Each structure stands twice: as C-alpha cells, then as structure tokens.
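Values in this text are rule-based calculations from the coordinates and carry no lab data. Note that the structure is a prediction, hence the values are computed from the model and not measured. Counting neighbours? That spans all protein chains shown, and the Cβs are built from the backbone with ideal geometry, glycine included.
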Amino acid sequence: MSIFQSLSISGSALTANRLKLDVVSSNIANANTTRGQFVNGEWVPYRRKMVEVSANQTTSFANHLQKELSGVQVNKIVEDTNPFQAVYDPSNPDSNEQGYVMMPNVDVTKEMVDLMATTRAYEANVTAFNAGKSMLVKALEIGR
C-alpha cells in the first residue's frame, strides 16, 4: 500500500461528493421547470437526476490479492423514473386542456436531506484528507 493511498481514497470521495452536490443543486433549481426537454414534438418537465457511486474497480492483480481499498468512482448520472406530478393551474401556458400542468418529479425536502447528507460526507472526507496529510508531514519531520 502506498503512503499516498489514503489521500487518493479521500480525493476520489471528494470528487464524487462534489458531483453529487452539483446534481442535487440542479434538481433543486429545476424543481418548478415545466419545460425540461423537447421530446417527440412536445415539452416534458425536468426529470430528477441521481448519481450512482460504487467502489473503484481495480484491475491490478496485487490489489485483488491484498484486498486494498482504492476509493470510489461515479458510475453514471441516472434519471428518476417516478411519474410527474399533475397540478391544477389553468392559467399556466403549459397546462393541458383540463387545466393541469405536469410538474417535475423533484421533492425539494428530499433534495435538501440529500444535500445535507452529501455536505456532511464531503466535510468528513476533507477531515480525513487533512489527517492523512498531517501524518505524512509528521513522518517527514521524523526523517530529518
């Protein structure tokens, strides 16, 4: 195991958490966007997005033998398949003949919980990164 392995693991988690924060922020910003994409000749609402994260898949034979940790990686950003919400608002230009507007499948409360959890995970990884860095500095001081 490399002495920089802990920094690499924390760094990969920081990158993944940063992307998740960006996606959650985008979901919150588009919670009322009724014209998200133009599909089959008509506008459809914004669809909530989610980040899929997994353990880094290492290809090194030595890593498989030693069961070393190698951080996390973002697999992909997927769209939530939950249905859109129909809201009665006949004054909205995007309403249908019955006066209903299809709203995004974004629950702002759920997004805020995800935002807080991801922020805490980001802060924990910053703390772990700084602890690893300070241990490396102390090890260098011992070598003097």
Ranked on Cβ counts within 10 Å of their own Cβ, fewest leading, Arg144, Arg18, Arg120 go Arg144, Arg120, Arg18
FRET efficiency for Arg120 and Asn92 from the Cβ-Cβ distance with R0 = 35 Å, rounded to 0.05, comes out at 0.40
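Using a 10 Å cut-off around each Cβ, can you sort Ser26, Ser134 from fewest to most neighbouring Cβ atoms?
Details: Ser26 15, Ser134 10.
With the fewest neighbours first, Ser26, Ser134 line up as Ser134, Ser26.
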Karplus-derived 3J(HN,Hα) from phi for segment 104-116 (6.51 cos²θ - 1.76 cosθ + 1.60, θ = phi - 60°), whole Hz, x at Gly and Pro, runs x, 8, 9, 9, 4, 5, 5, 5, 5, 5, 4, 5, 5
Listed by chain and number, the residues whose amide H is under 5 Å from that of Asp89, excluding neighbours fewer than 5 places away on the same chain and using placed H, are Tyr100, Val101
Taking placed amide H atoms and a strict 5 Å upper bound, the residues 5 or more places from Asp107 or on another chain that come that close are none
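Mind putting a number on the dipole of the chain about its Cα centre? Charges go on the C-beta only, +1 for Lys and Arg and -1 for Asp and Glu, and I need it in Debye to the nearest 20.
Computed charge dipole of the chain: roughly 800 debye.
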FRET efficiency for Lys49 and Lys133 from the Cβ-Cβ distance with R0 = 30 Å, rounded to 0.05, comes out at 0.35
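What is the fewest-to-most order of Ile3, Ile28, Ile9, Ile142 by other Cβ atoms lying within 10 Å of their Cβ? Provide the component values of the computation, followed by the final result.
Numbers: Ile3 10, Ile28 14, Ile9 20, Ile142 6.
Ranked by crowding around the Cβ, least crowded first: Ile142, Ile3, Ile28, Ile9.
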The extension gain from Ser25 to Val39, computed as 0.36 nm times the residue separation minus the Cα-Cα distance, is 2.7 nm
Computed over the chain: longest principal axis from alpha-carbon atoms vs helix 5-29 long axis, angle to nearest 10 degrees, is 10 degrees
For segment 72-78, Karplus-derived ³J(HN,Hα) couplings (6.51, -1.76, 1.60; θ = phi - 60°; whole Hz; x for glycine and proline) come out as 10, 9, 7, 6, 5, 9, 10
So, for the Cα atoms of the chain, Rg and Dmax in Å stand at 21.9, 79
With T = 10 °C, eta = 1.306 mPa s and Kirkwood Rh from C-alpha pairs, the Stokes-Einstein D of segment 71-144 in µm²/s is about 93 µm²/s
